[in-house]
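Take a look at the structure below.
The values are calculated or read from the model by the stated rules, or taken from the named source; none is laboratory data. Everything numeric here is computed off the predicted structure, so don't read it as measured data. Ideal geometry is used to build each Cβ from the backbone, glycine not excepted, and the neighbour counts take in all protein chains shown.
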Amino acid sequence: MEKVQDSDIYSKEMCEKLKIKDLYDNEYEIKNLEKFLRHINKYHAQGSSIHEENGFFFKVNDSFRAKINKLKRK
């Protein structure tokens, strides 16, 4: 059975650091949200795919894209 990543995406307001959990439940800090969003929206805009960044793996699908794009509006 495939392990599904925890969809918890949160912002620590005190430190203003944005962190997400990968497929293996490892916490990854997004240092540049704009750059991350550009890549996701350009290379993972449709369907379901795996995005690797600095040794962290994310399953990108409609749900993931919606949550990440919502962070930009906050």
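Filtering region 31-74 to residues that are modelled with pLDDT under 90 and part of a loop (DSSP other than H, G, I, E, B) leaves only LYS74. Among residues of region 12-61 being of a type in the set (Phe, Trp, Tyr) and within 19 Å of LYS72 (Cα to Cα), the one that is surrounded by the fewest Cβ atoms within 10 Å (Cβ to Cβ) is TYR43.
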